[in-house]
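Worksheet: one structure, shown below.
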Amino acid sequence: IRCWSNIPFITVPLSRAHGKSFAHRSELKHAKRIVVKLGSAVVTRGDECGLALGRLASIVEQVSMLQNQGREMMIVTSGAVAFGKQRLRHEILLSQSVRQALHSGQSQLKDMAIPVLEARACAAAGQSGLMALYEAMFTQYSICAAQILVTNLDFHDEQKRRNLNGTLHELLRMNIVPIINTNDAVVPPPEPNSDLQGVNVISVKDNDSLAARLAVEMKTDLLIVLSDVEGLFDNPPGSDDAKLIDIFYPGDQQSVTFGTKSRVGMGGMEAKVKAALWALQGGTSVVIANGTHPKISGHVITDIVEGKKVGTFFSEVKPAGPTVEQQAEMARAGGRTLAALQPEQRAEVIYRLADLLTDQREEILLANKKDLEEAENKGRLALPLLKRLSLSTSKLNSLAIGLRQIAASSQDSVGRVIRRTRIAKDLDLEQVTVPIGVLLVIFESRPDCLPQVSALAIASGNGLLLKGGKEAAHSNQILHHLTQEALSIHGVRDAVQLVNTREEVEDLCRLDKLIDLIIPRGSSQLVRNIQKAAKGIPVMGHSEGICHVYVDTDASVEKVTRIIRDSKCEYPAACNALETLLIHRDLLRTPLFDQIIDMLRVEQVKIHAGPKFASYLTFSPSEVKSLRIEYGDLECCIEVVDSVQEAVEHIHKYGSSHTDVIITENEKTAEFFLQHVDSACVFWNASTRFSDGYRFGLGAEVGISTSRIHARGPVGIEGLLTTKWLLRGDNHVVSDFSEHGSMKYLHESLPLPQRNAN
């Protein structure tokens with residue numbers, strides 16, 4: 001039994017069986033019946049006199065969108081008092097001005113004091129206008145709305161309660177949006193300090209309690225409580241240590257310090273939490289979020305229903321492991337400890353991981369076999385992705401070799417002095433390499449990416465968050481376990497974390513206070529989505545791998561087919577595979593051109609003709625829809641160009657600045673191509689497939705970057721480092737270097753310390 005005001009009532013109404021709330025945010029998209037509670041701070045303007053019309057219109061648009069999707073929407077709204085206050089103030093000012101003008105006989109008005117307006121009178125004056133506004137807004141979306149005013153007795157008188165329940169169900173059946181509010185014109189004065197006080201209070205609290213009770217009565221799936229704060233914080237919002245709580249569990253109240261109330265009304269976050277927990281107990285999921293922020297209020301409701309990480313989600317199911325925020329903090333702390341180790345110790349960890357990849361080969365391949373079988377049974381992966389998912393003994397051996405290369409080359413990566421300057425006497429400045437911080441690497445289908453990226457993060461002293469595809473769950477799990485086992489030899493197990501929770505990639509990209517760099521490894525669509533979703537976090541990578549091979553008139557017959565075959569057929573799903581073959585016009589209808597076509601046919605490569613190439617043929621292959629296609633399979637486009645200059649222009653117009661190749665024996669032509677093509681990797685007489693960290697001698701890579709700042713091309717250890725400045729002085733102050741000061745700037749370059757030859 002709980003108390004609502006002074007009247008006890010059963011926690012879960014008898015008319016409803018105890019339901020089960022959603023356990024995870026991702027399940028909210030299945031919510032059918034939804035209550036949206038709009039607090040006074042959301043509905044009213046900042047001056048608390050009048051409504052926030054733009055904000056209200058946006059909320060109505062979102063509710064209408066969800067209603068038209070077939071959901072059953074209900075709104076519990078504040079705002080009648082504020083709307084009525086605006087109307088009454090206007091009437092009072094008008095009345096006073098008329099009386100004063102008649103009394104003084106002058107048109108000039110003096111300052112007029114507005115009396116304190118009684119809240120119930122304001123509510124009476126504002127209810128009709130508020131409802132008229134809602135009706136006008138919903139009409140724009142061909143949706144009908146109906147007003148329901150309730151009081152405390154409507155829930156505690158059994159007959160009235162049944163009538164209310166029946167009315168609401170009938171409105172929902174007719175696809176009408178009920179708009180519910182307490183009848184603030186007749187409620188008694190508030191009684192402070194009563195548990196879950198609500199329907200008798202003209203404040204934010206009334207509708208928190210009303211919304212919770214209504215949600216449980218109507219067996220709703222989701223209650224969205226919109227206020228003027230982002231959600232529930234572990235300390236009062238605005239304080240230095242305040243952190244937004246992503247998921248709140250019953251029993252967590254002791255870990256929370258409640259702050260002051262909202263700017264409007266008598267309620268506060270404590271009342272919302274009590275109401276939310278009560279609704280959760282009744283089987284309704286709850287999210288408390290900000291409905292006033294201009295950047296998110298236009299889509300906050302739809303984002304919540306889509307399962308995005310917005311506000312605080314109340315759940316009864318506590319996960320067994322840490323949250324992703326906790327994992328990121330663990331990775332940062334572990335990364336700092338890792339960076340403080342001696343280079344030899346970091347190398348020992350990587351050597352140990354390389355050994356484990358071969359020692360535990362059978363267990364790894366068994367886990368990978370499970371992933372392959374599940375993917376094949378579900379039929380959700382195309383053949384190129386299945387190839388990426390597959391591990392083999394030779395792949396594991398190659399991985400181990402690459403990891404040992406990383407360990408050997410990482411001895412002086414962190415803390416290396418790259419510049420020394422003597423600023424003045426006894427004032428020396430150094431620029432040294434340091435880790436970036438916490439890396440988030442998101443990868444699809446390629447479990448071999450996990451040990452590669454982990455080794456690079458360890459070598460560079462970075463904390464690491466890994467988010468792999470669910471298709472490789474078993475493989476990723478054992479590879480991460482082996483990585484942590486290797487890290488344990490120096491007590492830095494937490495530096496590398498695998499995200500196993502149901503975190504959406506878009507939500508991870510919003511953790512700008514916890515993650516310093518995002519590195520996507522996967523399809524061009526994945527990379528584009530991450531680049532779009534990342535909020536304040538730099539993304540290193542490339543969205544597409546549209547690689548070109550240009551065959552010049554002076555190309556060697558022996559080299560052409562070998563390089564083209566390797567570039568296209570060795571691993572067509574790779575981002576560094578050939579996608580567009582550019583042929584000099586003079587080579588058409590020559591034996592060399594026939595050899596190229598015959599080789600591609602033997603390798604079962606489907607050919608698409610570019611516009612110019614198609615114009616030369618009587619019967620041409622299918623003409624390409626676009627010259628900017630990354631096929632990722634045994635397909636390629638052939639196009640004709642008139643010169644090396646035109647080849648360069650074509651690459652700049654249609655390429656992705658990844659990897660481009662020229663095949664020619666003319667050194668002058670080759671150098672022109674190498675100098676003028678503006679891509680991350682430009683090759684002469686070599687396969688595009690050499691664009692790879694392992695083949696470059698980097699040991700491995702976290703990806704290939706086509707960005708123009710920081711790292712470019714295959715990114716190894718060096719691309720995961722940044723720098724900091726160290727200044728060592730002896731009682732130096734800037735005033736000593738003024739015009740009449742005693743010291744002068746020297747700015748002398750000093751020799752760098754010797755690097756480790758090993």
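The values are calculated or read from the model by the stated rules, or taken from the named source; none is laboratory data. Here the structure is a predicted model, which is why all the values come from computation and not from measurement. Note that each Cβ is placed from the backbone with ideal geometry, even for glycine, and that neighbours are counted across all protein chains shown. Heavy atoms of the whole protein, side chains included, go into the accessibility calculation; ligands, DNA and RNA do not. Shrake-Rupley method; radii C 1.70, N 1.55, O 1.52, S 1.80 Å.
When segment 284-332 is examined, which residues are found to be open to solvent by 40 Å² or more (accessible area, probe 1.4 Å) and modelled with pLDDT of 90 or more? Those that are open to solvent by 40 Å² or more (accessible area, probe 1.4 Å) and modelled with pLDDT of 90 or more: His299, Glu306, Glu329, Met330, Arg332.
Based on what the data block shows, is Lys274 open to solvent by 40 Å² or more (accessible area, probe 1.4 Å), charged (D, E, K, R), part of a loop (DSSP other than H, G, I, E, B) and assigned by the TED database to the domain that holds Gly46?
Considered against the rule, which asks whether it is open to solvent by 40 Å² or more (accessible area, probe 1.4 Å), charged (D, E, K, R), part of a loop (DSSP other than H, G, I, E, B) and assigned by the TED database to the domain that holds Gly46, Lys274 comes out as no.
Checked against the criterion of being in contact (Cβ under 8 Å) with a residue 24 or more places away in the chain, crowded, with 23+ Cβ neighbours inside 10 Å, within 33 Å of the chain's Cα centre (by Cα) and part of a helix (DSSP H, G or I), segment 630-647 contains not a single residue that satisfies it.
Summed over segment 588-628, the residues that are part of a loop (DSSP other than H, G, I, E, B), open to solvent by 50 Å² or more (accessible area, probe 1.4 Å) and not small (Gly, Ala, Ser) give a count of 9.
The criterion of being in a loop (DSSP other than H, G, I, E, B), touching a residue at least 60 places away in the same chain (Cβ under 8 Å) and in contact with a helix residue (DSSP H, G or I) (Cβ under 7 Å, 6 or more places away or on another chain) holds for His542. Restricted to segment 420-462, and to residues there that are more than 21 Å from the chain's Cα centre (by Cα) and polar (S, T, N, Q), the residue that is farthest from Asp512 (Cα to Cα) is Thr421. All of Gln62, Gln86 fail the test of being outside any strand (DSSP E or B) and at pLDDT 95 or above, apart from Gln62. Ala670 falls short on exactly one of the conditions (1) modelled with pLDDT of 95 or more; (2) part of a loop (DSSP other than H, G, I, E, B); (3) aliphatic (A, V, I, L, M), and that condition is (2). When segment 683-707 is limited to residues that are within 33 Å of the chain's Cα centre (by Cα) and of a type in the set (A, V, I, L, M), the one that is nearest to Glu646 (Cα to Cα) turns out to be Ile704.
Within segment 56-69, the set of residues being open to solvent by 40 Å² or more (accessible area, probe 1.4 Å) and either without any contact (Cβ under 8 Å) to a residue 40 or more places away in the chain or under 15 Å from Val225 (Cα atoms) (or both) comprises Gln69 only. For segment 545-555, which positions are open to solvent by 20 Å² or more (accessible area, probe 1.4 Å) and either outside the structural domain of Gly693 (by the TED database) or not acidic (Asp, Glu) (or both)? Once the filter is applied, which keeps residues that are open to solvent by 20 Å² or more (accessible area, probe 1.4 Å) and either outside the structural domain of Gly693 (by the TED database) or not acidic (Asp, Glu) (or both), segment 545-555 yields only Thr553. Inside segment 205-252, residues that are of a type in the set (Asp, Glu) and either within 11 Å of Ile288 (Cβ to Cβ) or at pLDDT 80 or above (or both) make up a count of 7.
Within segment 556-572, the residues that satisfy the criterion of being within 44 Å of the chain's Cα centre (by Cα) and open to solvent by 10 Å² or more (accessible area, probe 1.4 Å) are Thr561, Arg562, Ile563, Arg565, Asp566, Cys569, Glu570, Tyr571, Pro572.
Of the residues Gly321, Gly298, Gly307, Gly291, the single one that is in contact (Cβ under 8 Å) with a residue 40 or more places away in the chain and at positive phi is Gly307. Gly166 passes every criterion in (1) at pLDDT below 80; (2) more than 27 Å from Leu56 (Cβ to Cβ); (3) under 44 Å from the mean Cα position of the chain (by Cα) apart from (1).
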